[in-house]
Amino acid sequence: MTGHILIVGGGEAGLSIAVTLRDLGYEGELCIVGAEPVPPYQRPPLSKEFLYAHGEPVTAELRAPEFLTDHRIDLILDRTVDAATVNDSGGLAVLDDGTEIAFDRLALATGSEPRRLGVPGADLPGVVSLRTLADATHLRTELEHARRVVIVGGGFIGLEVAATARKRGLDVTVVETTDRLMARAVAEPISTFVLDHHAAEGIRFLLGTEVTGFAARNGRIGAVQLANGESLPADLVLVGVGAVPATGLAEKLGLVRERGIVVDAHARTSHRAVVAAGDCTVQPHPNGLDRLIAIESVNNAVEQGRAAAHTLLDRTPPPRGVPWFWSNQGALKLQIAGISDGYDDIVVRRDGVERLTVLYYRSGNLVAADTVDNPRDHLAVKRCLADGKTIDPVNATNPGVALKSLIIPRPEMDPAQ
Ligand SMILES: Cc1cc2nc3c(=O)[nH]c(=O)nc-3n(C[C@H](O)[C@H](O)[C@H](O)COP(=O)(O)OP(=O)(O)OC[C@H]3O[C@@H](n4cnc5c(N)ncnc54)[C@H](O)[C@@H]3O)c2cc1C
């Protein structure tokens, strides 16, 4: 196929769409417009290795510049697509500098933006968020001068930065509104295990605690004000309270949205000339539940990007693999296989104080597992889910028995259920 495909957003999903299009033999023009001034890079290190104290920060580009040139992937950087019109045979995009780009098909991979805290003082110098390389570079400099760091939000990014800041010898407090860590994503045993680990490293936690504002001292952050009336001295605050899908352009195009851009399993949006992939989307639930789900991970961005590329060329995407995710928090390595959302039972597998696995079941079948420092269990669960099987829950509590030896066929579903 020839023509012109325009991809908006130069992150994991946008690049995956472009690379897959070329892999599938697409010969036409291919252009990525990205708002950031740098070629596509990996975000995960930004809250981890990039913030370490020693050595120069290393940026991990997703593909070498020669690769992009060789594959005739045009990159327009430091530009946003501000407006676009589309009909069934194509459309026109307008960049922030007025440049117009005509396209036959359009792919949206606009990612997400950090959720802001709507409290007084949220714009003070020293109150930062983390999404981009520019954010991480700024945070790294701030960490060099900070002594007391407050992290607002006990989710993945908050805890990763907390662990790194602590490793740099800083005084770190995590403030979280709910009563446990990573509550949206993991079950209570994982939350508690991770909290105990970080607390032993010297990180302080205030759970069930709401931030009501930030107070200035000498023109920058001086203290974090809490709903209980207390005030925490701070010279650096990271706000890590989740992300909001970037759907501004999708809204202008009139695409159906439910928080994110609504796509089907083939990354099709409500307009037949437009696909979307990555953090900007919500998609059908992988476990067949009757609701849409946002999956914010590298694995999803890459796989959904591949599906989008197939759809752009009117091909059927290959079946999706088992979703997976990781979060390195200092010495802790948390790995997630499958999607636990919608689980009705868990089985906990504890191996001393070092390793923990939580298996998630729905209607008696394994749907996901979280493992802490247990790659063997993670791989067994991935294999099990990929093969459409389950794990015998009765014997799984015994950490002496290898999980892979407990993989069994799924029980026949009662058609009446
Ligand atoms: C600090 C951090 C750590 C993470 N760690 C992990 C991890 O350990 N494991 C994991 O699985 N996931 C991790 N993630 C999540 C993962 O990085 C994201 O899920 C993934 O990057 C999503 O890719 P994306 O292409 O959808 O969006 P993005 O990577 O956000 O790319 C979207 C791009 O589109 C651009 N854009 C938006 N609107 C426009 C426009 N109108 N015109 C032009 N460009 C536009 C944005 O500027 C951005 O560059 C982490 C994320 C962050 C921020």
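Laboratory data are not the source of any read-out in this text; all were calculated from the coordinates shown. Given the structure is predicted, the values throughout are model-derived calculations rather than measurements. All Cβ positions, glycine included, derive from the backbone under ideal geometry; neighbour counts span all protein chains shown.
Brief remarks on what is shown
- Packing around the peptides 298-306, 222-230, 145-153, taken as the average count of other Cβ atoms within 10 Å per residue, puts them in this order, highest first: 298-306, 145-153, 222-230.
- Length-normalised contact order of segment 116-241 in % [C-alpha pairs under 8 Å, at least 6 apart]: 37 percent
- Expressed as a whole percent, the proportion of Cα-Cα pairs in the chain lying more than 26 Å apart is 59%.
- Length gained on full extension, residue 67 to residue 97: 8.1 nm, using 0.36 nm per residue less the C-alpha separation.
- Nearest-0.05 FRET efficiency for residue 218 and residue 265, computed from C-beta distance (R0 41 Å): 0.15
- Per the Kirkwood formula applied to alpha carbons, segment 116-241 shows a radius of gyration over Rh ratio, Rg over Rh, of 0.94.
- Inter-label distance for residue 226 and residue 144, nm, one decimal - labels placed 7 Å from Cα along Cα-to-Cβ: 3.2 nm
- C-alpha center-to-center spacing [segment 7-81, segment 356-389] in angstrom: 32 Å
- The string of couplings for segment 31-48 from the Karplus curve (6.51, -1.76, 1.60, θ = phi - 60°) is 9, 10, 9, x, 6, 7, x, 10, x, x, 9, 7, 7, x, x, 4, 9, 10 Hz, one whole number per residue in order, with x for Gly and Pro.
- Each pair of Cα atoms in segment 331-408 enters the Kirkwood radius, and Stokes-Einstein at 4 °C and 1.567 mPa s then converts it into a translational diffusion coefficient of 107 µm²/s.
- The chain - mean residue ellipticity at 222 nm from DSSP helices (-39,500 (n - 2.57) per run, n ≥ 4, rounded to 500): -6500 deg cm²/dmol
- Added length on full extension, which subtracts the Cα-Cα distance from 0.36 nm per residue, residue 23 to residue 285: 91.6 nm
- Using all pairs of distinct alpha-carbon atoms, the Kirkwood hydrodynamic radius of segment 298-344 works out to 12.7 angstrom.
- Taken over the alpha carbons of segment 169-321 as equal point scatterers, the Debye sum produces base-10 log I(q)/I(0) values at 0.16, 0.21 Å⁻¹ of -0.94, -1.21.
- The fraction of Cα-Cα pairs per 10 angstrom bin, counted from 0 for segment 163-211, comes to 27, 52, 20 percent, rounded to whole percents.
- Checking the cross-link pairs 48/333; 333/389; 48/167; 48/404 against a 21 Å limit on the alpha carbon distance flags 333/389; 48/404 as lying beyond it.
- Hydrodynamic radius of segment 316-376 by the Kirkwood approach over all distinct alpha-carbon pairs: 12.6 Å.
- Quotient of Cα Rg and 2.2 N^0.38 Å for segment 1-96, N being how many residues it contains: 1.24
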